[in-house]
Amino acid sequence: MDEVVGVSHECDFPDEASQRPRITHSPVHNAGLTSREVDEWVRRTLRENGTIYTIDEPLLRKLQPDLILTQKLCDVCAVGYGTVAKLAQTLTGPPRVVNLEPTSLADIFDDIRRVADVCDVPERADKLILSLSERVENVRKRAATIPDRPSCFLMEWVDPPFCSGHWGPELIEIAGGYDSLGRKHQPSAQIDWQRVSDAPPEIIVLALCGYDIDRARRDYELLRRFPGFGSIPAAESGQVYVVNASAYFARPGPRIVDSLEILAGILHPTEFPEFVSRGPDDLRVVRIG
């Protein structure tokens with residue numbers, strides 16, 4: 001952290017990150033919009049402006065970074081790579097721009113190694129990845145012995161409905177379930193609610209991209225009013241969960257393994273009791289169905 005001179009509007013982990021100057025901003029955050037309004041604002045702004053974020057150029061020039069970590073995985077999640085790369089060329093140096101674009105668990109580990117390499121601390125990545133890999137294999141091996149593989153819909157947005165993509169369906173597989181609606185190693189996508197009703201999932205996990213448990217609780221009330229929701233097995237059996245997607249599922253970093261363990265506790269609570277929700281005040285996952 002001593003080397004970090006600036007962060008994005010999203011950076012809040014570890015706690016020290018929140019003490020660094022914020023380079024990017026977006027008016028949609030903390031604007032009190034509904035899910036439908038957020039979706040409409042994002043689509044309209046991307047269409048009209050090409051980005052939903054602004055960069056504080058004077059501040060960035062003042063900080064004079066040697067290295068900028070960015071991404072072109074999703075223009076909704078952060079400033080687009082093209083915008084960052086173009087601006088970087090006008091800065092003193094210019095700074096090196098490293099693009100991170102993972103679509104799988106292996107890609108995330110590769111990116112950890114890539115960041116460590118460009119920061120000249122490769123040994124730190126080796127140690128971290130070894131620890132993370134051991135935790136993944138712990139879940140994978142234990143889940144592989146469980147014959148029951150429940151169907152789980154990992155929902156990334158409620159209004160309109162979005163299925164999960166990229167590493168989401170892969171995490172469910174490793175944890176001992178399957179998501180027939182997910183798009184493994186591909187971008188998440190809007191889907192018709194009827195497809196969910198036709199699936200139908202035994203478990204629903206609300207992992208709203210970029211948002212925490214409180215927002216997921218609010219949007220669950222929207223979900224309950226969808227046609228036929230009450231007759232879906234997940235609703236009938238009370239197997240609906242809200243998770244802190246902002247901290248875990250939506251961020252391709254070391255805490256993605258926490259996401260895997262959270263799913264293991266959801267899908268197979270008897271076999272993975274150490275990962276089960278600790279109740280309504282759990283900041284990771286809460287069962288609300």
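Couple of notes before you dig in:
- Computed lengthening from Trp193 to Arg278, 0.36 nm per intervening residue step minus Cα-Cα distance: 27.5 nm
- Nearby lysines by direct alpha-carbon distance to Lys184 (threshold 30 angstrom, same-chain neighbours under 8 apart not counted): Lys72, Lys127, Lys141
- The residues of the chain expose, per residue, 50 Å² of accessible area to a 1.4 Å probe.
- Loop-located trypsin sites (Lys or Arg not before Pro) in the range 220-258, at most 11 other Cβ atoms within 10 Å (DSSP): Arg225
- Using Cβ point charges alone (K and R +1, D and E -1), the dipole size of the range 219-289 about the Cα centre works out to roughly 180 debye.
- Taken along the Cα-to-beta-carbon direction at a fixed 7 Å, the label points for Asp148 and Thr92 span 6.3 nm.
- Computed from the C-beta positions of Arg43 and Asp126 and an R0 of 41 Å, the FRET efficiency is 0.45 to the nearest 0.05.
- Isolated Cys in the chain, by beta carbon distance under 4.7 Å: Cys11, Cys119, Cys152, Cys163, Cys209
- Annotation: lysines with alpha-carbon distance below 23 angstrom to Lys62 (same-chain offsets under eight excluded): Lys86.
- Rolling a 1.4 Å probe over the protein heavy atoms of the range 163-289, with every protein chain left in place, gives an accessible area that is 49 percent carbon and sulfur.
- A Förster distance of 41 Å, applied to the separation of the beta-carbon atoms of Arg140 and His25, puts the FRET efficiency at 0.55.
- Label zone at Phe226 (point 7 Å along Cα-to-Cβ), backbone N below 13 Å, the range 186-213: 189-208
- Helix-only arithmetic for the chain: the sum of -39500 (n - 2.57) across DSSP H runs with n ≥ 4, divided by the residue total, places the mean residue ellipticity at 222 nm at -11000 deg cm²/dmol.
The values are calculated or read from the model by the stated rules, or taken from the named source; none is laboratory data. Just so it is clear, the model here is predicted, and its values are computed rather than measured. With ideal geometry, Cβ positions are generated from the backbone for all residues, glycine too; neighbour counts draw on all protein chains shown. All accessible areas refer to the heavy atoms of the entire protein, side chains included, with ligands and DNA or RNA removed. Shrake-Rupley method; radii C 1.70, N 1.55, O 1.52, S 1.80 Å.
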